[in-house]
Each structure stands twice: as structure tokens, then as C-alpha cells.
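Structure first, then comments.
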Amino acid sequence: MKKGLLILFIVTIYLFFSCNNSFKRPVDKSTADTIYYGGNIITMEGDFVNYVEAIAVKDGKIIFAGTKSDANKLNGTHTKMNDLEGKTLLPGFVDGHSHFSEVGLQSVSANLLSPPDGPVKNIDELQKVLREFMAVSPIVKAHQIVLVMNYDNSQLKEQRSPIRQELDAVSTQLPIIVIHQSGHLAVLNSKALAMVGITADSKNPDGGIIEREADGKTPNGVLQENAFFQIIPKLPLKFTPEEVASMIQTSEAIYIKNGFTTIQDGKTTPVNIKVLPELAKKGAFKVDIVSYPDLVLLSKDSILRGPLMSKKYTNHFRIGGVKITMDGSPQGKTAWFTQPYYKVPAGQDSTYAGYPAFTDEKLIKWFELAYKNNWQLLTHTNGDAAIDQLIRMDKAAAIKYPAKDRRTVMIHGQFLRHDQVKEIMDADIFASLFPLHTFNWGDFHRQSVVGPERAENMSPTGWLLENKMKFSIHSDAPVIFPNSMQLISTAVNRTTRTNYLLGPKQKISPYVALQAMTIWPAYQHFEEDVKGSLVKGKNADFVILDQNPIKADPKKINEIKVMETIKEGKTVYKN
Ligand SMILES: [Zn+2]
Ligand SMILES: [Zn+2]
């Protein structure tokens, strides 16, 4: 090609692209869409509080974080100047662990919680709430089944789960299933037991217990762990696509109102793993949803081997890995410990220490499957025996399938022992802890579950910090409402319902609690390159608070309000 022709060619190409560009975007390329200034802008970069005066956003990304005068250079004719008026701007919260889809189900359930979260203080009141709910619920009317969530035995006057006869008193016509707040056990009335085929002849499944009456045979209605999980597919409750879509939208709104811009769907069910990608395709999600399907139920599903299993979101949805449940709930007294429960449940001898969901022989197969496929594995482990099992399984599977950067996650790890901390650190197991328990069940753990000594160091955020480990804190919603400020408050204050200070050594500063809600869970999800802190190039995912948690009275952190939530530059919630 002659030199003149070459130049003409280049000029033509240049004109073509520049014209093309200017059709899409007539705005000056070098200026920002929005500049935020005039408040406490905390970058969450580094281990000490770091403020900038201004932050500039373009096309959903941060293009600048620094001084106001430098930001002003990006102020063009179309730039929106957003004066924070003293409010606090942070990276959007990243959910360490919860169950996005189930929060939707809770939104159409009765409120069986106890004060301050609900009205139920005893079984009489539980029956009353059920009757009122059944009279008005469109779901009950349409499906002729009563499925409700979140009774809490530890807060009931009777200090136990309701039994079959107490639900029969509400209805013998409709099947009733009442799920414990942990999600690990449920009570069925006689009609529901018959419907799922549980009788005096039914044997306990592996990793589950069908509780019995005094004769040792007749089911009393309470199904623990796998005994409960196995009946779920048998329930004739098939929501319509419209019902599911509406529930999921309600759920997303709850999280967004609390400042979350990334939400986890832990242990996604076979039904929901079909629904969520469909909703994503329709553009239903405003923020990012990362799903971890139930490994046991979905190991053979092609979706785990498809394009959605990715580090990148498509229409705000991706599959991040898989989840497995290894033990139960401490307040439900099914979590697996090395030492017996402080007060063993009725019908158990004094050595009762809970139980695992799987033997080592069965569990290793699941670890190997996940590690072989390089699926990030979330492991529900509460008791210290379950954590020992996690360490054993990880070691064995990692020898067979070594990987440089796997980030297996210990979900809850509530009764992690001091000697286990170094082991999970050496194994590169990421801890997502549950300090909300210190408020919700701290008193019950001291008085009934593990006794005062072991309760002291539950959710040991302080020990992890001592070892300079990253960790996240989570709500496990719908187990506890995804209230971001209460989450930070409990990690900072560790006071129980009766105002007892539980494990002062494990308290963390507000800044560390914010790290555990932003940059560290971003790392947990392999998203630290695009989320979790305010630096050039990352997503413009923000939460704006009416006060600065760093400067507020720690006792009043839970009164701080989310004023606005911003996802990739767009406001998705405004108070
Ligand atoms: Zn769990
Ligand atoms: Zn969970």
C-alpha cells in the first residue's frame, strides 16, 4: 500500500469509529457522569480508615477518587454534582452469606418471630398468629397448604418446639409445616405428616431425626435436619412463575434497602436454579445475585458445567460455586460438637453432642467432586466437630486435586476453637462468621446450648483478626433479617438480648466490621478486583448512610439509616 493510501485508510477507519462513538454518546468523553462530594467518603482501601474528598463516576465505574479540586477537572456540562451534605458514602455491602430466594418466601409467610422482631412469646400466640395468617393469606387460599417460617423455641415460654397436636389444634383440614428459625428443623401437623408419608414405622434417615412421642415410635411432628430436608420435594406447593417473581422482587428490595449491592443465594434449590436465570434474562435484577447451588441435589445438573458458572455476571446473575451442609443449628441443638450440649434436649442422654450430616466416607466424595471441577465450595459448619471434619476433608481433597487459590468458605463457624484458627488459616479456608447470634441467641447459648464458657468465644472475630485473617460477617437471612446496621452493631458490641457483654476479646472496631461487609466478602467471592473499595476502575456500587459508623456512638450504630443505594452508578434505592 502506498503511503498516501495508507494514511487515507487510517483516517477513514478513525472517522468510522469516532463517528460511531459519537452517535452513541454525544457527551465529552473526559468528564464524569456524577461527582459525589461534601461528606465522609470512606474508601475501604487498607487496614486504617481512609477518606477522600470526592469520587467521580462514569459508565457505572469509578473513574476518580481523591481531592475535590482534582475531581472538579472532571466536571463537564453533563456532570451531576451530588453534594452528600455530611452523609457517609461507602462501597455497597457484599453479602457474606444468606439465602436470597428464601427471603422472598419469608415475605409471604406469617411472622412467628418473638419480640422485638415479632409477636410470638408462647405456643398459644403462635397458634393465634397461624390462624390469623391462614384467614388472609392468598398463598394458603390458592395452594391449600400452610408453610410458614421462623418459630424460635429459645424465645418461647415453653422453651421447646411446638408438637403435632398443637398444630392440629389450628387445623386438621390443611397440612401445616412450621419451620424453625435456623431452617434446620420443622414441625408438621398430622395432616402434613400423612401427606409426606411419615409414620411410626419410618426410620431416621442418615444425618436426621424424626422426633417421637413417649412410646418411642409415634412421630411428635418435629423433623430434624435430613428428616426435614427430605420431605421438602414432597410438598405439593408449586408456586406459579408470577408468585415466584413477585417474592424474589420483594426479597431484592429488602436487601437493597439495607445497602447490599451483591447478594448471595446460598444452597440454591433445584426449583430456584431454574427460576433465577430466567428472571435474570428478563432483566429482573437491579443488583448482583451470586448463587451457590445445593451440591448434593444438583451435582449432576448441566447448569453447573455451563456458562453461568463464572466469575462474571450476566444480567446481574452468576453461579459462584456450590454449597454443602455439614451439621445443624446450635440453638436447634443439632450442630455437631466435640463436647456434649450444656443442657441436652429431651430424650437424649448426657453425652449428646449433636451429629454430622455425613460420615467422612460419604462427605469426601462431595469435596473431591467440587475440588476436581474447581467449584468454589461453601460449607455450613457450626459446631467444632463439624469444623474438624471440614479441616480433614479439605486436606484430603486438596492433596488429590491441588489448586493455588480455591477459597473454600466456612459458613458460620460459630464454635470455632482457638486451636482451629491456625488450621483454617494454613488451609486458606475463608471464614464467614455470624456474630448476629451474640444478640439473638447469646443468652440461650450461655444458659442452654454450650454453657457460659464456650459461649464466650462464639463467632470469634477477634481471634481471626489477631492472625490478620480476612473474614466476612453475615445475616444468613431469612434466619435473621438482613439488617446491615444491626449486623455491624452486633460485631462491634457483642451484647445479648439481656445486655450481657459476650466475649469482649472478640469485639471488633466499626472499621473492621465494615471491612467484613465490603472488601473482605468481595475477596471471598473472587470479586475484589471490581468491588469492595472505592478506587479507580472498580464498580460504582455505593451505599450512603445518614451517619458515619466510624464516628458514631457504637451503641447507636444500629440506628444509622441507609439513605441511598447505588449500583454501577444508578440509584436503586432512596430513603
Ligand atoms: Zn447455614
Ligand atoms: Zn445459611
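The values are calculated or read from the model by the stated rules, or taken from the named source; none is laboratory data. Quantities reported herein were computed from a predicted structural model and do not represent experimental measurements. Cβ: placed from backbone, ideal geometry, glycine included. Neighbour counts: every protein chain shown. With ligands, DNA and RNA removed, areas are computed over all heavy atoms of the protein, side chains included. Shrake-Rupley method; radii C 1.70, N 1.55, O 1.52, S 1.80 Å.
A compact table of results
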read-out	value
Subset tally (residues that are open to solvent by 50 Å² or more (accessible area, probe 1.4 Å) and within 15 Å of LEU105 (Cβ to Cβ)) for segment 119-166	2
Scan of segment 451-486 for residues that are within 16 Å of ligand 1 (Cβ to nearest atom), open to solvent by less than 10 Å² (accessible area, probe 1.4 Å), within 16 Å of GLY413 (Cβ to Cβ) and aliphatic (A, V, I, L, M), ordered by number	MET458, ILE473
Selection from segment 110-141 of residues that are in contact (Cβ under 8 Å) with a residue 60 or more places away in the chain and in a helix (DSSP H, G or I)	ILE139
Verdict on ILE179 being buried (at least 21 other Cβ atoms within 10 Å of the Cβ), within 16 Å of ligand 1 (Cβ to nearest atom) and of a type in the set (A, V, I, L, M, F, W, C)	yes
Flag if THR495 is buried (at least 20 other Cβ atoms within 10 Å of the Cβ) and of a type in the set (Ser, Thr, Tyr)	no
Residue in segment 119-127 that is among the β-branched types (Val, Ile, Thr), modelled with pLDDT under 95, away from ligand 2 (no atom under 16 Å from the Cβ) and more than 27 Å from the chain's Cα centre (by Cα) present	no
ASN204 vs. criteria surrounded by fewer than 22 Cβ atoms within 10 Å (Cβ to Cβ) and either farther than 26 Å from LYS311 by Cα or of a type outside the set (D, E, K, R) (or both)	yes
Filter result for ILE248 (away from ligand 2 (no atom under 16 Å from the Cβ), in contact with a Pro (Cβ under 6 Å, 6 or more places away or on another chain) and open to solvent by less than 60 Å² (accessible area, probe 1.4 Å))	no
Strands (runs of 3 or more DSSP E) lying entirely in segment 142-229 (those with 1 or more residues that are under 16 Å from VAL120 (Cβ atoms))	146-151, 176-180, 185-188
Test result for LYS267, within 16 Å of ligand 1 (Cβ to nearest atom) and either in contact (Cβ under 8 Å) with a residue 60 or more places away in the chain or out of contact with any strand residue (DSSP E or B) (no Cβ under 8 Å at 6 or more places or on another chain) (or both)	yes
